Amino acid sequence: MRAIWQGLSEIFGEIEKAFAETRRKYPKEVRCKKKCVDCCYALFDLSLAEAALLWREFKARPRNLRREIMRRVEKYEKEWQRKKTPMITPFALSTIRIRCPLLNDQKLCDLYEARPATCRLYGIPVQIEGETFVCGFSGFEPGKTYPTILFDRVLERLAALSDKIAPEGGKVRVPLPAALRGRFPGAQFVTERL
């Protein structure tokens, strides 16, 4: 699993660098700040590699925190059942707002260090399947050209890492609740933190 953790560290490092560069060039447009939680209400799933990292970090947390997170997972799942649409597309998902179960009452992420690529990129322009998305609170203006992260390429790299965890692992997308329960292929191989 060390190769998986190293690969994720490299991908996430590149994402952090791209985010910082975009913020440096467009400080008025990138409005992300601590306790701004718009991104924490966006729906997402995880690559198998990201699920493994979240599971590893979740297991390392104190029991009382894990119980609190799982209580929030139950609320999240009930709300998802209420709000989900018959046709699930990236656009349809972008319109559904549900509080992430990792967001605590202090408006902080309980697994911030292990957050997935989606969370790390929120706030700057991202293209998914040919369509560009930005945070609704950002200052990026429609019609103007900005540096844009091609999320499909990020997903390809995450898929390549995921293939190392399980056969066809790159094709697996893991819902957040399943990751936090360790219900995904290869979960049994996730070891404690180094």
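The values are calculated or read from the model by the stated rules, or taken from the named source; none is laboratory data. Keep in mind that what you see is a predicted model, and the values were worked out from it rather than measured. Positions of Cβ are generated from backbone atoms using ideal geometry, with glycine treated the same way; all protein chains shown enter the neighbour counts.
Close Cβ contacts (under 7 Å, 6 or more residues apart or on different chains) running from residues in segment 104-132 that are free of Cβ contacts under 8 Å to residues at least 24 places away in the same chain to residues that are surrounded by fewer than 19 Cβ atoms within 10 Å (Cβ to Cβ) and part of a loop (DSSP other than H, G, I, E, B) comprise 132/148.
When residue 39 is tested against (1) assigned to a helix (DSSP H, G or I); (2) at pLDDT 95 or above; (3) not aromatic (Phe, Trp, Tyr), exactly one condition is not met: (2).
Has segment 16-28 got at least one residue that is within 21 Å of residue 105 (Cβ to Cβ) and either of a type in the set (Lys, Arg) or touching a Phe, Trp or Tyr at 6+ places or on another chain (Cβ under 9 Å) (or both)? No: segment 16-28 contains no residue that is within 21 Å of residue 105 (Cβ to Cβ) and either of a type in the set (Lys, Arg) or touching a Phe, Trp or Tyr at 6+ places or on another chain (Cβ under 9 Å) (or both). The set of residues in segment 20-45 being in contact with a Cys (Cβ under 8 Å, 6 or more places away or on another chain), among the aromatic types (Phe, Trp, Tyr) and more than 20 Å from residue 169 (Cα to Cα) consists of 41 alone. If you go through segment 173-186 and keep only what is outside any strand (DSSP E or B), buried (at least 20 other Cβ atoms within 10 Å of the Cβ) and of a type in the set (A, V, I, L, M, F, W, C), you end up with 176, 179, 180, 184. Would you say residue 124 is surrounded by 13 or more Cβ atoms within 10 Å (Cβ to Cβ), within 19 Å of residue 33 (Cα to Cα) and of a type outside the set (S, T, N, Q)? Yes, satisfied.
When segment 24-36 is filtered for residues that are touching a residue at least 24 places away in the same chain (Cβ under 8 Å) and either part of a helix (DSSP H, G or I) or within 13 Å of residue 115 (Cα to Cα) (or both), only 25 remains. Being among the β-branched types (Val, Ile, Thr) and farther than 19 Å from residue 43 by Cβ is a property that residue 145 has.
Evaluating residue 139 against the criteria (1) over 23 Å from residue 58 (Cα atoms); (2) touching a Lys or Arg at 6+ places or on another chain (Cβ under 6 Å); (3) buried (at least 18 other Cβ atoms within 10 Å of the Cβ) leaves one unmet condition, (3). Among all positions in segment 63-75, there is no residue which is crowded, with 18+ Cβ neighbours inside 10 Å and under 27 Å from residue 125 (Cβ atoms). In the set 108, 161, only one residue is surrounded by 13 or more Cβ atoms within 10 Å (Cβ to Cβ) and touching a helix residue (DSSP H, G or I) at 6+ places or on another chain (Cβ under 8 Å); that residue is 161.
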